[in-house]
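Worksheet: the structure to be examined is printed underneath.
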Amino acid sequence: MLATLQQATRVAVITGAGMSAESGVPTFRGAGGLWRSYRPEDLATPQAFARDPQTVWEWYRWRQRLIAAASPNAGHTALAALQIVRPGWRVLTQNVDGLHQRAGNPGVLEMHGSIWRTRCVSCRRPGPTDPALDEETAPLPRCVCAALMRPDVVWFGEALDADVLAAAWTVVENAEAVIVVGTSAVVYPVAALPRAARARNVPLIEINVEDTPLTGSVTHVIRATAATALPALASQL
Ligand code: ZN
């Protein structure tokens, strides 16, 4: 595996919630992800936003504050440092927290959008970073077309941005190795990316603290957290 990565100039690194776990960012799923009495599935949908945009925005502002208080961990930093000497390494993330960018990683493909961006629910025009981060009850942001702005993230039941997904496919199709970090990779269409790499015999490396549905089809497993495994890996390349 090391020889492969040492020789590879183009590597796709697909990251998920486990990437940010050691930064103290909750996954917002499962019992620990409850906010008030809501589950993420009750809030992160277009229907929820249409019904009660105030509550959805309050939840996102709460999440923004948690993420703002977190910092990139040693895994984010290692990937960012590695990309300086290996510019063909490309991060594709399912995370919306922006921690890869805060670590200094350029060219990150945010497949599920960013909690730091807004866009109009009607005309899709991008808006500024939500200015009311610290004010849970501040007026909801509005577009110049008068419709509400929403967090620019992919909600349950929504399709990924076609351009971002196409760019992710290009990266994976050209990769000489694919590393999957901290994600169970079960949600399509992102789940199809590592499987497509395997289908054309590209080495597939999993970094995860536990088995995932992908484990059986990877070529190498590193049973460790992102913040432990990535600096160790980078130091050998
Ligand atoms: Zn608009």
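The values are calculated or read from the model by the stated rules, or taken from the named source; none is laboratory data. Keep in mind that this is a model prediction, so the values were computed, not measured. Positions of Cβ are generated from backbone atoms using ideal geometry, with glycine treated the same way; all protein chains shown enter the neighbour counts. Accessible surface areas use protein heavy atoms only, side chains included; no ligands, DNA or RNA. Shrake-Rupley method; radii C 1.70, N 1.55, O 1.52, S 1.80 Å.
Which is farthest toward the positive dipole end of the chain among 183, 66, 118, measuring Cα position about the Cα centre, with Cβ charges +1 (Lys, Arg) and -1 (Asp, Glu)?
118
Select from 127, 47, 18 the residue farthest towards the positive end of the dipole of the stretch 1-130; place +1 on Cβ of Lys and Arg, -1 on Cβ of Asp and Glu, and compute about the Cα centre.
Of the options given, the answer is 127.
Taking the stretch 1-91, which GluC sites (Glu not before Pro) meet the DSSP loop condition and have no more than 11 other C-beta atoms within 10 Å? Mind dumping the intermediate values first?
On the way: sites: 22, 41, 58; in loops: 22.
Loop-located and lightly packed - none at all.
Could you tell me which residue out of 8, 235, 109 lies farthest along the dipole of the chain toward its positive end? Charges go on the beta carbon: Lys and Arg +1, Asp and Glu -1, centred on the Cα centre.
Looking along the dipole axis, the top candidate is 8.
What fraction of the DSSP beta bridges in the chain is antiparallel, stated in percent and rounded to the nearest 5? Don't skip to the end; give the middle numbers.
Details: 9 of 28 bridges.
Given both bridge residues lie in the chain, the antiparallel proportion sits at roughly 30 percent.
Test of understanding: in a Gaussian network model of the chain with alpha carbons linked when under 10 Å, which of 68, 227, 138 would top the mean-square fluctuation ranking?
Among 68, 227, 138, the largest GNM mean-square fluctuation belongs to 138.
Report, to the nearest whole %, how much of the accessible area of the chain belongs to carbon and sulfur atoms, 1.4 Å probe, protein only. Walk me through the numbers before you get to the answer.
Numbers: 5830 of 10620 Å².
Answer for the chain: carbon and sulfur cover 55 percent of the accessible area.
Roughly how big is the chain's charge dipole about its Cα centre, with Cβ charges of +1 (Lys, Arg) and -1 (Asp, Glu), in debye to the nearest 20?
Values: 21 positive and 20 negative charges, 58 e Å.
For the chain, the charge dipole is close to 280 debye.
In whole Hz, with x marking every Gly and Pro, tabulate ³J(HN,Hα) for the stretch 192-205 from phi via Karplus 6.51 cos²θ - 1.76 cosθ + 1.60, θ = phi - 60°.
With coefficients 6.51, -1.76 and 1.60, one gets 6, 5, x, 5, 5, 4, 5, 4, 10, 6, 7, x, 10, 10 Hz.
Would you calculate a helix-derived [θ] at 222 nm for the chain, using -39,500 (n - 2.57) for each DSSP H run of n ≥ 4 and dividing by the full residue count, to the nearest 500? Kindly include the intermediate steps, with their values, before the conclusion.
Values: 10 runs with 84 residues, N = 237.
Helix-only estimate at 222 nm: -9500 deg cm²/dmol.
Residue 181's amide H: which non-local residues (gap 5+, or another chain) put their own amide H closer than 5 Å, with H modeled 1.01 Å from N in plane and none for Pro or chain starts?
Result for residue 181 returns 14, 15, 16, 207.
Give me the 1.4 Å probe accessible area per residue for the stretch 94-214, excluding ligands and nucleic acids, in Å².
In whole numbers, the stretch 94-214 has 46 Å² accessible per residue.
At 7 Å along the Cα-to-beta-carbon direction for both residue 220 and residue 176, put a label point, then send me their distance in nm to one decimal.
Rounded to a tenth, the inter-label distance reads 1.3 nm.
Measuring from label point to label point, each 7 Å out along Cα→Cβ, what is the residue 36 to residue 69 span in nm?
Distance between the two pseudo-spin positions: 1.9 nm.
Pull out the extension gain between residue 164 and residue 146, defined as 0.36 nm times the separation in residues minus the alpha carbon to alpha carbon distance; nm, one decimal. The partial results should precede the final answer.
Numbers: separation 18, 0.36 × 18 = 6.48 nm, distance 2.70 nm.
The residue 164-residue 146 span can extend by a further 3.8 nm.
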